[in-house]
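The values are calculated or read from the model by the stated rules, or taken from the named source; none is laboratory data. Here the structure is a predicted model, which is why all the values come from computation and not from measurement. Heads up, the Cβs are rebuilt from the backbone with ideal geometry, glycines too, and the neighbour counts pull from every protein chain shown.
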Amino acid sequence: MSFTSSPLTGSKPERYAQLAQQARALLHGERDRIANAANLSALVYHALPDLNWVGFYFFDGTELVVGPFQGLPACVRIPLDKGVCGAAARTRQTQRVEDVNAFPGHVACDSASRSELVVPLYAGETLIGVFDLDSPQLARFDADDQRGLEAIAAAWLEALQ
Ligand code: SME
């Protein structure tokens, strides 16, 4: 099987709709969470500009443990009471942080990161992990990015079923 992703075109919501379509095609017929997280990280990292890290952390019952990603090597374990990732997991709310240096308890894995978006991954009441994106640009993520990346995270969760 080979996968070719076409360049995204149009308005930001249109580009995210195309990316979500590519994500669903990529995950189609596969339930393995590691395989799907790896391919989704690669798809998103290469499709969107100005990112230095895209990947998954999985909840092991105690803390978040790094999973498949694109970018520099990352912190392996993040307690739920630490960082932007911990906040997303704990609050069940997407964390969109314009300036990570202003976020109390931010875990700096790559000092180039300036802004961050973390989507919590829940299957019903069960915490599975988080989908984390970092950018070297301040305020890289807006509400369109949040909606678009939440839809991509939802596609990953749906593929588990
Ligand atoms: N900055 C994150 C840690 C994960 S890395 O950026 C990949 C945080 O504060 O949770």
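The table that follows gives values for the structure above.
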{"read-out": "Matching residues in segment 26-47 - criterion: being more than 16 Å from the ligand (Cβ to nearest atom) and closer than 14 Å to Leu8 by Cβ", "value": "Leu43, His46, Ala47"}
{"read-out": "Residue ID - farthest from the ligand (Cβ to nearest atom), chosen from residues in segment 113-126 that are crowded, with 19+ Cβ neighbours inside 10 Å and closer than 12 Å to Phe59 by Cβ", "value": "Leu121"}
{"read-out": "Qualifying positions in segment 113-138 - in a loop (DSSP other than H, G, I, E, B) and under 18 Å from Val44 (Cα atoms)", "value": "Ser113, Pro136, Gln137"}
{"read-out": "Residue check for Arg147: assigned to a helix (DSSP H, G or I), more than 10 Å from the ligand (Cβ to nearest atom) and of a type outside the set (Asp, Glu)", "value": "yes"}
{"read-out": "Test: residue in segment 95-112 that is near the ligand (Cβ under 10 Å from one of its atoms), modelled with pLDDT of 95 or more and either outside any helix (DSSP H, G or I) or of a type in the set (Gly, Ala, Ser) (or both)", "value": "yes"}
{"read-out": "Qualifying residue in segment 34-46 (condition: among the polar types (S, T, N, Q), under 14 Å from Val119 (Cβ atoms), touching a Gly at 6+ places or on another chain (Cβ under 6 Å) and crowded, with 16+ Cβ neighbours inside 10 Å)", "value": "yes"}
{"read-out": "Phe69 among the aromatic types (Phe, Trp, Tyr), modelled with pLDDT of 95 or more and either within 16 Å of the ligand (Cβ to nearest atom) or more than 19 Å from Ser115 (Cβ to Cβ) (or both)", "value": "yes"}
